[in-house]
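Down below is the structure, laid out as structure tokens.
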Amino acid sequence: MRLAAGMRFPGCRRPATGSRRRLPGPRRLRAGATCGTVLLLAAAVACGPPEQVSSEDTVEHAVDKLTRQPSATLFADLDGSPAEVRAFLENAGQGASPQRAARLAESELTVALGADVPLEELESYDSRTRLALSLNLGDKDIVNYKSVGDAVYLRLQPRELVREAHLDPRERRQLREVVDLADRLPDSLRSVQRLLRGGWVRLDPDDYRDFGWAVERFARLPLDGDEARGAGSVLDGTELRELLSGLRKVLVEHGDEPRPRASGRGGGTGTERLTVGLPAREVAEELAPAVAPLGVRLRPDRVPDRRVTAELTIRRGVLAGLTLDLAALTDRGGSAHLPLRLRFATGDALSVHRPSKSYELEPQDMLAAFLYGTVHGPAR
């Protein structure tokens with residue numbers, strides 16, 4: 001049950017002798033239902049009575065198992081109704097229209113990491129780690145993003161979003177103007193045409209913040225353009241790359257002793273359900289980049305010094321899920337609760353490789369397209 005020699009988790013020092021370490025795992029895992037029993041019996045025969053494993057070790061091993069493969073995936077969504085989402089945002093001082101709240105309730109963020117070696121062998125999740133992101137609304141991908149090597153790739157789907165039911169008249173009119181603009185732009189702005197028609201474009205990573213306003217305007221991302229963590233943060237893979245290692249640190253180094261949930265086991269053979277107390281401020285810091293695309297702004301510096309209860313699901317020894325109340329990660333508190341649901345999987349649910357075809361897009365091209373649409377107005 002000890003970590004193989006040479007294996008380290010990104011950003012963590014080598015564990016002291018006798019400590020345990022490996023990494024997290026996802027939903028939809030394949031494992032024989034009797035594997036754990038067979039291994040325990042074998043250990044009992046060969047080595048005598050099996051060593052007792054504490055709840056802390058169970059969580060640490062469950063988290064570490066996620067990175068035994070060269071790729072891992074995280075899924076995030078708000079587990080609430082449109083009314084609950086709106087009530088939470090209003091209580092947190094981030095008001096939302098009924099239409100926007102309905103969109104957020106249907107949104108799901110998928111983040112996939114990939115490398116050429118098992119993720120646990122990397123010292124850190126830097127640019128050598130390939131990153132893919134998808135923001136899904138219902139059954140439609142609205143935004144796709146990839147960071148591979150020294151390039152960033154972006155794809156928007158305004159044509160899909162304009163068919164979305166949860167748009168107010170002004171938003172629908174603006175999106176139709178965007179879709180129409182793609183058909184009217186001159187050939188000199190072909191890269192913008194490709195972006196607005198759902199094709200991949202290639203960006204310079206140093207310019208990602210210059211595209212934030214365009215992503216929000218052309219894809220109606222549920223973000224606030226005047227925030228540092230606005231749409232531009234979706235294009236910065238640094239924080240999202242560090243999400244897994246950040247969550248590991250919070251769970252393993254700052255978590256209270258896990259306790260079985262009142263419902264006990266459940267969810268099928270090999271499933272454990274635990275609760276663990278975590279420091280709210282540190283959790284908000286790590287989760288802020290994941291919830292920003294879902295329309296929630298977390299301000300860790302304003303979160304009171306308190307503990308938040310997280311519910312963990314461990315399936316066949318691998319972390320499969322984490323749920324907590326976002327209300328505990330704000331400075332408002334109150335009764336407007338909204339669960340954030342995270343699910344984990346080994347493997348890449350999204351391709352983490354470069355698109356087969358893409359156009360280079362410069363920030364000035366987006367500005368030129370915006371000005372072109374402003375000067376010429378919508379088609380009549």
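The values are calculated or read from the model by the stated rules, or taken from the named source; none is laboratory data. All values derive from a computational prediction rather than experimental measurement. Ideal geometry is used to build each Cβ from the backbone, glycine not excepted, and the neighbour counts take in all protein chains shown. The protein model used for the area step is the full one, side chains on, heavy atoms only, and it has no ligands, DNA or RNA in it. Shrake-Rupley method; radii C 1.70, N 1.55, O 1.52, S 1.80 Å.
The number of residues in region 298-307 being open to solvent by 60 Å² or more (accessible area, probe 1.4 Å) and under 25 Å from A102 (Cα atoms) comes to 1. Going through (1) of a type outside the set (S, T, N, Q); (2) in contact with a helix residue (DSSP H, G or I) (Cβ under 6 Å, 6 or more places away or on another chain); (3) not in a helix (DSSP H, G or I) one by one, A102 falls short only on (3). Taking the options V276, V291, name whichever one is open to solvent by less than 30 Å² (accessible area, probe 1.4 Å), touching a residue at least 40 places away in the same chain (Cβ under 8 Å), part of a strand (DSSP E or B) and in contact with a helix residue (DSSP H, G or I) (Cβ under 8 Å, 6 or more places away or on another chain). Every option except V276 fails the conditions. In region 308-323, the residues that are on the phi > 0 side of the Ramachandran plot form Cβ pairs under 7 Å with partners that are open to solvent by less than 30 Å² (accessible area, probe 1.4 Å) and not hydroxyl-bearing (S, T, Y), at six or more places apart or across chains, as follows: G317/H61; G317/A62.
Based on this model, can you work out whether S351 counts as outside any helix (DSSP H, G or I), free of Cβ contacts under 8 Å to residues at least 12 places away in the same chain and either open to solvent by less than 70 Å² (accessible area, probe 1.4 Å) or out of contact with any His (no Cβ under 7 Å at 6 or more places or on another chain) (or both)? First the steps, then the outcome.
Working: outside any helix (DSSP H, G or I): yes; free of Cβ contacts under 8 Å to residues at least 12 places away in the same chain: no; either open to solvent by less than 70 Å² (accessible area, probe 1.4 Å) or out of contact with any His (no Cβ under 7 Å at 6 or more places or on another chain) (or both): yes.
Here the answer is no, as S351 does not meet what is asked.
Tally time: how many residues in region 156-193 are touching a strand residue (DSSP E or B) at 6+ places or on another chain (Cβ under 9 Å) and either closer than 19 Å to L104 by Cα or open to solvent by 60 Å² or more (accessible area, probe 1.4 Å) (or both)? Residues flagged as touching a strand residue (DSSP E or B) at 6+ places or on another chain (Cβ under 9 Å) and either closer than 19 Å to L104 by Cα or open to solvent by 60 Å² or more (accessible area, probe 1.4 Å) (or both) within region 156-193 amount to 9.
Only residues that are under 24 Å from the mean Cα position of the chain (by Cα) and within 15 Å of S358 (Cβ to Cβ) were counted across region 155-195, and they come to 3.
One line per residue, one yes/no per condition, for (1) assigned to a loop (DSSP other than H, G, I, E, B); (2) touching a Gly at 6+ places or on another chain (Cβ under 8 Å); (3) modelled with pLDDT of 85 or more:
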position: I142; (1), (2), (3): no, no, yes
position: Y153; (1), (2), (3): no, no, yes
position: R163; (1), (2), (3): yes, no, no
position: R172; (1), (2), (3): no, no, yes
position: R190; (1), (2), (3): no, no, yes
position: D206; (1), (2), (3): no, no, no
position: E216; (1), (2), (3): no, yes, no
position: L223; (1), (2), (3): yes, yes, no
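Of the residues that make up region 308-316, is at least one crowded, with 19+ Cβ neighbours inside 10 Å, in contact with a Ser or Thr (Cβ under 6 Å, 6 or more places away or on another chain) and at pLDDT 90 or above? So far as region 308-316 goes, yes, one or more of its residues are crowded, with 19+ Cβ neighbours inside 10 Å, in contact with a Ser or Thr (Cβ under 6 Å, 6 or more places away or on another chain) and at pLDDT 90 or above.
Comparison of V152, V143 shows that the only residue that is open to solvent by less than 50 Å² (accessible area, probe 1.4 Å), of a type in the set (A, V, I, L, M) and in contact with a Pro (Cβ under 6 Å, 6 or more places away or on another chain) is V152.
Counting only residues that are open to solvent by 10 Å² or more (accessible area, probe 1.4 Å), closer than 30 Å to K146 by Cβ and not charged (D, E, K, R), which one in region 52-88 is modelled with the lowest pLDDT? Applying the filter and picking the extreme gives Q69.
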